[in-house]
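The values are calculated or read from the model by the stated rules, or taken from the named source; none is laboratory data. As the structure is a prediction and not an experimental result, all values here were calculated from the model. FYI the Cβ positions are ideal-geometry reconstructions off the backbone, even for glycines, and counts take in every protein chain you see. Remember, those area values only see protein heavy atoms, side chains included, never the ligands or the DNA or RNA. Shrake-Rupley method; radii C 1.70, N 1.55, O 1.52, S 1.80 Å.
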Amino acid sequence: MKKVKVIKVGGAILENQSSLNSFLDRFANVEGNKVLVHGGGRQATDMAKRLGVETLMIEGRRVTDDSMLEIVTMVYGGLVNKTVVAKLQQRGINSVGLTGADMNIVRSVKRPPKNGVDYGNVGDVTNVDGRLLEKLIEMRVVAVVAPLTHDGQGHILNTNADTIAAEVAKSLSTSMDVTLIYCFEKSGVMTDPDEPSSVIEKITPSLFNELKSNGIITAGMIPKLENSFDALEKGVGKIRITSAENLEGGTLLTIE
């Protein structure tokens, strides 16, 4: 089977031009087939502030009303996505920026209210067309995917970038050997976020449950790992959570 790496970048890496350029240098040097999925939540929050639009977060998730949808579409699908594409072209990596609506690659449904919370224009992924992504790979074109999906009824929906990365990886795993890499500013999954040497080298589902019950893994890292183990169960070959400076290091997730 052909191999492909699905790499998701987010956090502070995208905020700073120096860190973004350093990451893209490393991404450009990754050998073989690759797909890039990016976030951009902090830039969206900054843009909202500049435009006088209030940002509301509930349990780490953005409430996306109509005004916020306009901002995330502009920031994710425009500013961040096209900046990354232009910088990859500069590095000799032929790439194309995509939202889920482009080529109908990622469909979703609007998330229903849960526990009395209406997140607004937020999408839960229902389908990823891995065949079209494979065609881009065959053309040696790197897909750069923004965290926006569509519902098939003409509506763009804000969608978690970690989830999109996992769903893209699963869609490709039916015909390719997929490695999924989540990279951000930390060195991996850590027992102490302030101590770089506390990276956990390997996490299995049983260890994950233990770390979660002990309060070592908390907040946004919980859904990231839950999505990751689901992806492993559904065919993704290998998953790493690591820093943007060391794409082969960090924490390896395995179901074995």
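Labels on offer are [x] 127; [y] 157; [z] 119, and the one holding volume of the Cα convex hull per residue in Å³ computed from this structure is [x].
In this Cβ point-charge picture (+1 for Lys and Arg, -1 for Asp and Glu), region 95-242 has a dipole of about 300 debye about its Cα centre.
Using packing as a proxy for protection, rank 47-53, 164-170, 37-43 so that the peptide with the highest average count of other Cβ atoms within 10 Å comes first. Please report the intermediate quantities before stating the final value.
Values: 47-53: 13.0, 164-170: 28.1, 37-43: 21.9.
Ranked from most to least packed, the peptides come out as 164-170, 37-43, 47-53.
Taking the Cα centre of the chain as origin, sum charge times position over the Cβ atoms of Lys and Arg (+1) and Asp and Glu (-1), and report the length of that vector in debye to the nearest 20.
640 debye
When only alpha carbons are used to place a centre, region 104-172 and region 1-57 end up 16 Å from one another. Selection among Met47, Ala101, Leu69 by position relative to the dipole of the chain gives Ala101 as farthest towards the positive end (Cβ unit charges, Cα centre). For the chain, the carbon plus sulfur part of the accessible surface works out to 47%, probe radius 1.4 Å. Accessible surface computed residue by residue for the chain, with neighbouring protein chains in place and a 1.4 Å probe, gives 48 Å² per residue.
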